[in-house]
Structure formats: structure tokens, C-alpha cells
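Only the coordinates and a few stated rules stand behind these numbers; no lab work does. What you see is a predicted model, and the numbers here were worked out from it, not measured in a lab. Every residue, glycine as well, gets a Cβ built from its backbone with ideal geometry; the counts of neighbours run over all protein chains shown.
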Amino acid sequence: MPTTTRKHQKAFDAFPAAWRSLIIQLETSQAKLKESRALGLDWSDSDFVKGSAMPSSTWNMLKSGKHPLSTTPKGIQTVTDKLTALQASAAEVQLKIRDAALRSTQQEPQLLTGFVEDVNSQAVLAALGKCQRLAEESSEERLIVIRAATGEGKTWLRRWLVTKGHVHYVVSARPSWRRNYTAFLRSVAGVLNLDVAAIRAAAELEAEIITKASTIAGVVWLEEVQSLSAMAQEFIKLLLNETHLTAIIVLTPEAYTAMKHAASGDTLQLFRRAACNMELAHADEAFLRATAPDLWCKTHEKGCMQRILAEAERFGGRALIKDVTARLRTATAKVAFITLNDVEDALSCYRANVPDLATARRAFGQARPKAA
């Protein structure tokens, strides 16, 4: 656990109370990670701040009390925001650890963890081929907009595209992006392996990124773009104008609609750069069969597949299908007949084990359909 004595204790005691509270909480999180060596890392300062906008040197100075104390409310708030963003990053790490622990105890068949190629992956590959041709023509319309509901396979699609070499850079959204343009630029610089720790001005960060990006080719995947400020959207247009990179931006249908309704000129101009604007299709029977062909070749009670697909469309998408299929495979390993009761049991287990679907579970609190 973190020690209470610091190298610059008096200076630390002079920090604002909000700073001290956040630093102590973050130290505790880092100490627990170090002790457990979670995810196979040592959890040095560099490991701990990776993925956040805070350099490891800044985090070290804040812990020790050596960090200069800002004299203006704006300066104090800037550091508070950085600490809050680092706390959000640490929370994401805990979710990854939890997910890893769940995967290690579920003994899920390997087939279910693989990517199933379908109409969505085919559409994205076709769009990437079109953007490659446009890049050769120096066209600026090299943007792909992907709208996908929660659970409809954005993460699986991204991982598959990266594994296959179709996506080369992934920029994950941060809460700080909405209020802090430089935080967005630092995230982009990070995936391009640029050392920009000493750069403070946004204009200098922009120049560094454009200089590097103009020398490379490839595809950049940007998630949760509803978090982007107008300046960040303008910078994506600049990337398309000044480089040969293709950009994929990903957001939910609801976020896309909200952005269009509240659209600024920057947002509309960004969407006009789209060579392809698609919404990921819901999973269908072909996807369900491809997920576990050995399971669905068995005789099953009429309506089982339709029941799963209906619930996947309501909430959970492909995540629900993969989880429920795995549970059915385990439950029916020694029988040749899948019943609607088996399906309902698997659906109930899925809903009970996905905390994020608490709201959906309440909406689902209707009488359970009886087997025909």
C-alpha cells in the first residue's frame, strides 16, 4: 500500500484537497496492481498512466509533492481533470482484470471466442478497398462511418481488422476529449509513437502529428467519436486533407442521430467526407449457426434460434449470442435436443451475469414464455 511519508510532504500538504484525495486513491489502486501483477505487468508509473493523457513524470511529481502548485483556478482545475481522467483509466483497468478473471473461469469453447465473418465484415472490407482507391487518387473522402448498437460486435470487428492487418492504429476515446482538445491530440500522438511529453501548445501537437502522418499510410480506427469536440472533428478533416490515411469513426446509432441533430458546420463537413456510412446489421440465423455449427446441427425444438435472435436484437447483440451459445453447448453436451426451456435458462444466466444490463433486465421483467 502507498506510504504516508513523501519526499516533499509539506508541499503535498499544500495541494488542494481534491488533488490529495485523488492522488491517495490512485496510489492505492497502483499499489494493489503492483502487488497482484495484474495482466502480467509490473505497474510502474509508465504502466499505470498508459492510455491516459498524463505523462508518467507528472504522475511521479504529483505523488511525491514535487509538482508545482498552480496559482490560478484554471490551473488547479486542469490538474484535477487530469487526475480524474487517470482515475477513469484505472477503473477501465479493473474492468479488464474482471473480464480476464471471468474468461479464465468460464471454460468457454475456443470456437466461441473467434470472429465470425459475416455481411458486416464484408461491407467494411469493401469500404476499405474503396478508400484505398480514393487515397491513390488523392481524394479527401476517405472516411468510413460505422454505426453499431451496444453488443453488436464493434470490439470483435476491430480486433479482427487489426489482426488481419486492415486497421493499423486504434485511438480509444477518453472522457477528457470532450473538454480538452490537447488530450485528444496526445491520444493520437500516442498511437503514432510520437514523444510529445514536452509539447504543451495544441498547434505544435497538430504539426507533429501531421508531419508524422504524412509519411505513413494505413487506417486509423477512432471509437466513441461523440466525445470529440468541434476542434477534434476539424483535426480529423485535416488528417484526411493532408495525409493518405483512412479514418474509421465508430459510434452508436443514437449518438450519430444526436450529432446530426445538433450538428455544427464541422460535424456536417466531417460526415460529408464519408466514402461509406453504414450501420452494422443485427445478427441473423446464418451468424448464429456459424458461431457454433456443431451445436446447431443438433435437433432442436422449434423457435429456439428465433428466440435467441429476438433477444439479441432487443439488447446484447452478438455478445448475447456468443454467451448463450456457450452456455447451451455446456448444458446440452450429452443430449441431442435443445428445448426452449434450455434457451430461456441460458438467457436468464446471461442477464444475471451482465451488470451493465441492469436497466434492460428490469425492462425484461415480463412473464417467461412457455415452451410450445
ask   = Which of the aspartates and glutamates could a cross-linker bridge to K32, judged by Cα under 17 Å and excluding same-chain residues fewer than eight apart?
value = D42, D45, D47, E92
query = DSSP loop GluC sites (Glu not before Pro) in segment 119-160 with at most 12 other Cβ atoms within 10 Å of their Cβ, which ones?
reply = E137
inquiry  = Neighbour counts of other C-beta atoms within 10 Å: give me C304, C349 arranged from fewest to most.
reply    = C349, C304
note = Checked against a 23 Å limit on the C-alpha separation, the offending pairs among K50/K260; K34/K63; K50/K130 are K50/K260; K50/K130
ask   = Which residues in segment 217-233 have a backbone N closer than 18 Å to a point placed 7 Å from the Cα of A202 along the Cα-to-Cβ line?
value = 225-233
message = Within a 10 angstrom radius of the beta carbon, how do K32, K322 rank from fewest other beta carbons to most?
response = K32, K322
query = In debye to the nearest 20, how big a dipole does the chain give about its Cα centre with +1 on each Lys and Arg Cβ and -1 on each Asp and Glu Cβ?
reply = 940
inquiry  = I need the trypsin sites (Lys or Arg not before Pro) found in segment 138-222, filtered to DSSP loop residues with at most 14 other beta carbons within 10 Å of theirs.
reply    = K164, R179, R200
ask   = What spacing in nm lies between the two simple spin-label points modelled at T71 and K7, each 7 Å away from Cα in the Cβ direction?
value = 2.5
ask   = When only alpha-carbon atoms count, how far does the chain stretch along each of its three principal axes, as whole angstroms with the largest first?
value = 72, 57, 36
task = Fewest Cβ neighbours within 10 Å first, please rank F235, F184 accordingly.
result = F235, F184
key: Expected 222 nm ellipticity per residue - DSSP helices of 4 or more, -39500 (n - 2.57), all of the chain, to 500   = -17500 deg cm²/dmol
note = For the chain, the longest principal axis of the Cα atoms and the Cα long axis of helix 119-136 enclose an angle in degrees, to the nearest 10, of 40
